[in-house]
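Heads up, the thing below is written out as structure tokens.
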Amino acid sequence: MKNICIVAQEFETPGNCGALARVAKNFDCLNLVFLNPKCDFLSKESVDRATHAVDLLKKAKVMKSLGEVKSKFDYVIGTTSVVSTDYNIPRSPLSPKQLAEVINNKKFAILVGREGKGLSNDEISECDFIVAIPTSKRYPAMNVSHAAAIILYEIFDRISKEKLADNIPFATGKDREVATRLAMESLDRLHFTTEERRITQQRLWKRIIGKSFLTKREIFALCGFFKKVK
């Protein structure tokens with residue numbers, strides 16, 4: 001996601017700087033900007049939290065104003081946990097999923113923070129649009145790195161061509177049909193005290209196999225088990 005950048009506004013906690021770098025790297029977002037930082041984002045606490053994303057911290061850029069950010073990107077996306085009424089148009093947000101649908105090859109900056117305070121109304125107005133994560137009304141505010149993770153996940157899930165576990169083959173409908181047939185044949189070979197109990201087991205196994213999301217390796221192993229039942 002070379003055209004996506006996370007901009008951390010006035011972070012005060014080194015641990016959050018490191019955590020943000022870590023989640024950014026989790027979703028192939030390799031551009032990180034610290035906007036007017038209030039702490040050392042290369043401190044030991046930050047580096048320890050970043051784990052294997054220390055390289056993002058080391059190459060992160062520092063900018064001094066939102067105007068500077070706007071001059072470097074085609075779109076600046078604000079984040080907020082304060083959702084608007086019909087009378088507060090600047091705070092009418094997209095969801096992370098809706099945001100992912102409008103991401104294209106332009107340069108996007110996703111502005112997160114401040115910790116505990118978020119963006120002001122004036123800063124929200126400076127953004128091209130904003131995004132809000134649908135959370136509980138009882139406690140809508142999220143940790144900045146957690147919020148970034150959810151937003152980046154939705155974008156990554158939509159545009160990335162290579163994801164973890166994509167190369168694992170899953171069972172097809174035909175595979176499940178074969179497994180179901182073998183299960184029925186196995187049940188026919190077993191002794192039940194009543195026919196009703198046999199029918200119950202047949203229905204149960206049909207449902208288990210039909211609802212399962214097994215890999216090919218798992219369903220082949222299951223078929224092998226049924227073949228051994230005597």
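Here is how the numbers come out for the structure above:
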{"item": "The chain: most fluctuating residue of 155, 209, 110 per GNM, C-alpha cutoff 10 Å", "result": "209"}
{"item": "Options 221, 53, 73, ranked by Cα towards positive dipole end of the chain, top entry (Cβ charges)", "result": "221"}
{"item": "Within a Gaussian network of the chain (alpha carbon springs, distance under 10 Å), most fluctuating of 63, 184, 142", "result": "184"}
{"item": "Amide H partners (placed H, <5 Å) of residue 63, local residues excluded", "result": "34, 35, 36"}
{"item": "Around residue 145: net Lys/Arg minus Asp/Glu count, Cβ-Cβ under 11 Å", "result": "+1"}
{"item": "Residues with amide H under 5 Å from that of residue 133, placed H, sequence gap 5 or more", "result": "80"}
{"item": "Range in the chain, longest, excluding exposed chymotrypsin sites (Phe, Trp or Tyr not before Pro) [loop by DSSP; at most 10 other beta-carbon atoms within 10 Å]", "result": "88-212"}
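We did not get these values from a lab; they are worked out from the coordinates using the rules stated. Everything numeric here is computed off the predicted structure, so don't read it as measured data. Backbone-built Cβ (ideal geometry, glycine too); neighbour counts: all protein chains shown.
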